[in-house]
Amino acid sequence: MRTLASERPPGEDGGDDGPPAVSLDGVTRRYGETTAVSDLSLSVREGEFFTLVGPSGCGKTTTLRLIAGFEEPTAGTVRFGGESVAGVPPEDRDVGVVFQNYALFPHMAVGENVAYGLRFTDPPGGGSAEERVADLLDLVDLGGMADRDPDTLSGGQQQRVAMARALAPGPDVLLLDEPMSALDAKLRERLRVQVREIQQELGITTVYVTHDQEEALAVSDRVAVLNDGRAEQVAPPRTVYRRPATEFVATFVGDNNVFTGDVTAVRTDDGRRLADVAVGDATFTVALDADADAASVTVRDRLTVCVRPERLAVDAGRNELTADVTSAEFLGETTRVHLDWVGREILLRAEDPPEGTVTVGFDPGDAHVVDGH
Amino acid sequence: MADAIEGGTEGDDGAPADATTSGDREHRDSRSLRGRLERRALVALAAATVGLLLVVFYYPVATVFVDSVLVEGRLTARVFFDILSDPFYFGEPARLLAGDSLASVVEGLLSPDRRLGIVGFTAYQAALSTVASVALGLPAAYLLARFEFPGRRTLRSLTILPFVLPSIMVAVGFVATFGQRGTLNAVLGAFGLGPVDLLFTLEAVVVAHAFYNAPLVARVTTAAWESVDASAVETARSLGASPLRAFRDVVAPQLVPSVLMGAALTFVFTFSTFPIVLALGGFQLATVEVFVYRLIRDLEYAEAAALALIELGISLGLLYAYLRYEARHTVRSRGIRPLPRRPLVPSSPSLRALLLRVGLAGYAVVALAVFVAPIASMILASVSGPEGATLAHYRFLVERQTTGASFQVRPWDAVRNSLLFGVASLAVALPMGVVVAVLTTRDYRGRKLVDAAAMAPLAVSGIVVGLGLLRGLVFGVEVGGTRLAVGGAVAIVAAHAVAGYPFVVRTVAPGLDGVDRTLVESARALGAPRVRALVDVELPLVWPAVVAGAAFAFAISIGEFSATVVLASGTSQFTMPVAIERFIGRRLGPATAMGVVLLVVTTVSFLLIDRLGGEDVGF
């Protein structure tokens with residue numbers, strides 16, 4: 001299968017500037033019978049905002065805990081700057097961690113919380129601990145809050161205190177474990193922008209764990225989509241969305257329509273390789289170029305293709321299918337329409353939801369091949 | 001990128017990469033140098049705790065048990081066999097081992113003059129005590145869990161008190177209540193009723209055991225009752241169950257495990273009872289533990305050890321059976337809405353409500369008689385003589401202090417020794433208990449074993465620990481040609497610490513268990529070695545539990561009798577409880593006066609520890 005852990009990054013960022021800040025090499029973590037992380041290899045570049053996203057139980061938090069040193073891998077190696085950190089306790093890994101529940105020390109004021117890490121190391125860049133604490137509270141827009149009790153703060157403020165505390169000792173790597181999931185949607189959107197800004201300002205290598213694929217796409221330089229302890233795809237957000245590597249990624253990240261069928265013909269038309277795929281009684285023509293996997297497709301292969309709901313258009317497109325509208329969800333700027341096409345559910349995005357029976361279609365270039373063999 | 005925050009805005013990667021890296025490494029090295037001691041601190045403390053336990057508990061206890069199988073240098077099971085087949089110990093069933101037929105044993109058991117043996121009698125009185133404790137404890141749990149009244153919280157906290165009261169003092173209180181000239185007979189006499197003599201009867205022993213254990217039953221049952229989710233009961237009611245039916249189907253099943261736990265612990269405690277029976281029953285009501293003590297006094301070490309081992313086996317077997325049961329039946333409910341409490345004074349008087357209150361009032365009278373009367377009687381008896389109120393008993397204590405012969409027990413020395421031993425054993429038991437609590441609340445292979453090994457002192461009788469320390473450490477051990485021995489005082493402190501630290505563990509461990517794991521992990525990610533996370537984060541958060549554990553350990557030391565009486569006999573290291581026992585053998589008056597002194601010292605110490613702990617909470 002295509003575990004695209006080593007997918008080349010786009011652009012000039014060839015990855016030749018020294019060892020990755022953090023890398024996992026064939027890391028496995030088992031708890032008794034269950035395997036939380038399975039033969040996972042990743043590398044996070046210096047200064048990168050790297051997100052682990054996946055459904056609950058996919059192993060993303062375990063991966064973060066392996067990096068932090070709260071867990072040791074059952075097999076494989078975690079490396080920081082190319083050096084193995086096996087057996088190095090968390091306090092010696094120079095990581096900053098922000099937990100989902102913020103884990104502020106309830107018996108210490110905000111300032112003491114932020115200053116705690118400075119008990120074990122000198123403030124980076126000279127200066128006194130007090131100055132460092134004040135600087136960091138300013139950084140997270142909480143200047144003057146040093147004497148407050150953590151439990152008098154709102155959830156969003158606590159989250160920012162946790163950020164400031166994690167950053168105070170000047171860690172090499174910032175690890176964020178679903179830091180927003182306890183906040184309401186609006187605040188979450190605002191905070192994720194702030195987190196991204198701080199990360200950019202400091203240029204700190206950041207590993208971010210979330211189950212929210214939208215959040216992952218919004219903030220990350222690169223995203224690793226995890227499922228069952230394995231990386232399904234590691235790529236920049238746009239690639240993950242537009243060219244999902246697997247059916248899992250295709251359906252986990254955003255809505256998607258997935259069709260599987262046998263290839264009945266492969267041809268070249270106007271410089272593009274096209275394949276005809278028999279899905280049920282219909283035959284869809286899909287473009288094969290641009291995908292390494294798709295390049296080798298031949299007749300009688302079984303092909304899985306996906307088409308985003310927003311790529312389906314009513315009464316348009318070369319591949320047509322006629323389906324019955326079963327329900328519609330009004331989402332604000334658009335409506336998600338559920339169609340029934342001979343027993344399959346088809347999703348459609350529309351501004352004006354159709355009713356009754358409709359014909360929708362897509363062009364060959366709107367389809368993306370996720371699986372073919 | 002340790003300096004990322006400063007360098008961030010103005011072109012971050014200006015410095016050569018290798019310079020940054022080497023700077024980082026130096027930074028890390030200096031940090032680990034500074035933290036090296038701290039890093040090892042927890043391991044060192046754990047090793048010290050294990051070592052101490054080995055020296056002052058496992059080794060001495062082992063020497064006692066070796067005595068039972070090693071007679072004149074030869075390994076033998078004869079001592080055990082003799083005990084197991086002796087009807088004096090095991091009653092009629094012992095004859096089975098002696099070779100008699102089953103039929104004759106059954107016949108013997110059915111005959112009116114059957115013999116229970118000491119073990120049988122011990123189990124019998126333990127069973128009676130358990131029934132009495134449950135009967136007395138359940139109404140209290142009902143009252144505490146289901147009613148609201150002024151002082152409810154105080155009363156709930158007070159249920160811990162009997163547990164830490166020195167047993168010998170309680171025994172004095174019971175003598176003052178139930179003795180021939182006790183308050184009970186005074187009250188009965190006022191009603192023209194004849195005097196009763198309950199002293200040295202099974203009844204007195206059982207009531208005294210209930211004094212100790214009914215609050216325990218009440219405590220665990222109240223806790224279970226308070227964790228019953230009201231919405232579960234409401235669901236049952238909405239599905240058509242009557243209040244009684246809802247209680248039977250929803251509430252009762254959640255209470256049963258706790259009641260059984262209270263009963264099981266009561267049985268185990270009363271099975272190995274010692275000071276109460278010694279003072280209230282004497283040797284004619286001897287239980288196994290009392291007999292072990294007697295055998296030790298008669299220097300019959302092998303038989304004493306074998307008997308103690310058999311007793312331990314029975315106790316552990318019961319505990320194990322209970323724990324097996326508990327493991328299968330524990331239901332943990334969190335985030336529940338507890339059942340609402342009713343006012344004790346009913347808002348709308350109905351016959352049902354009235355009857356209920358009358359019942360509770362009746363219970364209150366019984367509870368007063370069992371729990372308050374002994375202490376009140378002791379205080380009363382200490383200031384009364386044949387001619388009314390007198391301070392003669394206290395004067396006796398003062399005289400004994402000033403003019404007493406060297407072999408006599410001097411009161412002030414006893415007070416001083418008790419406090420000294422209390423402080424010293426607290427200093428040992430508190431860190432030990434905290435370390436064991438840390439070790440038993442972390443997840444790792446073999447944790448259960450560590451837990452069991454660390455809690456074993458709770459199951460082994462004080463007599464055995466005392467004897468082991470006496471024979472193993474005080475008399476000395478030959479190590480490489482030199483005789484190593486510790487003083488009696490050190491041995492007493494060790495025994496007290498061993499008896500006390502499990503209570504520190506039991507109060508601190510649940511607290512540590514409740515501390516959010518991510519708090520510790522945050523501290524560690526911020527650079528704190530494990531022991532610093534413990535000191536900076538966990539201990540401040542569970543400080544009330546640490547203080548409670550300290551108070552427990554101190555109270556256990558102050559009240560400890562079994563091991564102390566073994567170790568202090570013939571020395572000047574006697575404590576207040578030992579002094580009381582010496583006095584009680586002759587005259588009640590001075591014993592009650594000494595009891596009051598003990599009560600005052602214990603109470604003041606408790607308040608002091610509480611105050612000291614309270615002031616430190618803010619750090």
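The values are calculated or read from the model by the stated rules, or taken from the named source; none is laboratory data. Every value quoted in this text rests on a predicted model; they were computed, and no experiment measured them. In this analysis, Cβ positions are derived from the backbone assuming ideal geometry, glycine residues included, and neighbour counts consider all displayed protein chains. SASA here: full protein model, heavy atoms, side chains in, ligands and nucleic acids out. Shrake-Rupley method; radii C 1.70, N 1.55, O 1.52, S 1.80 Å.
Per-structure values
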quantity: Counted residues, segment B:264-288 - those being open to solvent by 20 Å² or more (accessible area, probe 1.4 Å) and assigned to a helix (DSSP H, G or I); calculated: 8
quantity: Residue in segment A:310-321 that is under 24 Å from the mean Cα position of the chain (by Cα), open to solvent by 20 Å² or more (accessible area, probe 1.4 Å), modelled with pLDDT of 90 or more and closer than 22 Å to A:VAL253 by Cα present; calculated: yes
quantity: Close pairs (8 angstrom Cβ cut-off, 6 or more residues apart or separate chains): within 12 Å of chain A (Cβ to nearest Cβ) in segment B:506-519, part of a helix (DSSP H, G or I) anywhere; calculated: B:VAL515/B:VAL537; B:VAL515/B:GLU538; B:VAL515/B:LEU541; B:LEU519/B:VAL537; B:LEU519/B:GLU538; B:LEU519/B:LEU541
quantity: Condition met for B:ARG532 (part of a helix (DSSP H, G or I), away from chain A (no Cβ under 14 Å) and either without any contact (Cβ under 8 Å) to a residue 24 or more places away in the chain or open to solvent by 40 Å² or more (accessible area, probe 1.4 Å) (or both)); calculated: no
quantity: Conditions (1) at the interface with chain B (Cβ under 8 Å from one of its Cβ atoms); (2) open to solvent by 20 Å² or more (accessible area, probe 1.4 Å); (3) under 29 Å from the mean Cα position of the chain (by Cα): number failed by A:ASP135; calculated: (3)
quantity: The lone exception for A:VAL85 - which of (1) more than 10 Å from every other protein chain (Cβ to nearest Cβ); (2) over 21 Å from A:VAL219 (Cα atoms); (3) open to solvent by less than 10 Å² (accessible area, probe 1.4 Å) it fails; calculated: (3)
quantity: Unmet criterion (only one of (1) buried (at least 22 other Cβ atoms within 10 Å of the Cβ); (2) hydrophobic (A, V, I, L, M, F, W, C); (3) within 12 Å of chain B (Cβ to nearest Cβ)) for A:VAL110; calculated: (3)
quantity: Tally, over segment B:464-500, of residues that are over 17 Å from B:ALA62 (Cα atoms), assigned to a helix (DSSP H, G or I) and at pLDDT below 80; calculated: 1
quantity: Wholly enclosed helices (runs of 4 or more DSSP H) of segment B:1-84 bearing at least 2 residues modelled with pLDDT under 65 and within 14 Å of chain A (Cβ to nearest Cβ); calculated: B:4-7, B:17-53
quantity: Positions within segment A:30-52 being touching a helix residue (DSSP H, G or I) at 6+ places or on another chain (Cβ under 6 Å) and hydroxyl-bearing (Ser, Thr, Tyr), in sequence order; calculated: A:THR51
quantity: Whichever residue in segment A:57-76 is within 17 Å of A:VAL207 (Cα to Cα) and more than 21 Å from the chain's Cα centre (by Cα) and, among such residues, is farthest from the other protein chains (Cβ to nearest Cβ); calculated: A:GLU71
quantity: Filter pass, A:ARG93 being without any contact (Cβ under 8 Å) to a residue 24 or more places away in the chain and basic (Lys, Arg); calculated: no
quantity: Qualifying residue in segment B:483-501 (condition: within 14 Å of another protein chain (Cβ to nearest Cβ), of a type in the set (Lys, Arg), over 21 Å from the mean Cα position of the chain (by Cα) and on the phi < 0 side of the Ramachandran plot); calculated: no
quantity: Candidates B:PHE396, B:PHE421, filtered to the one that is among the hydrophobic types (A, V, I, L, M, F, W, C), in contact (Cβ under 8 Å) with a residue 40 or more places away in the chain, under 30 Å from B:GLY488 (Cβ atoms) and open to solvent by less than 20 Å² (accessible area, probe 1.4 Å); calculated: B:PHE421
quantity: Any hit, segment B:567-575, residues being without any contact (Cβ under 8 Å) to a residue 24 or more places away in the chain and within 14 Å of chain A (Cβ to nearest Cβ); calculated: no
quantity: Any pair with Cβ under 6 angstrom, 6 or more apart, that starts in segment A:220-238 at a residue that is over 15 Å from A:ASP25 (Cα atoms) and ends at one that is among the acidic types (Asp, Glu); calculated: A:ASP221/A:GLU48; A:VAL225/A:GLU232; A:ALA235/A:GLU7
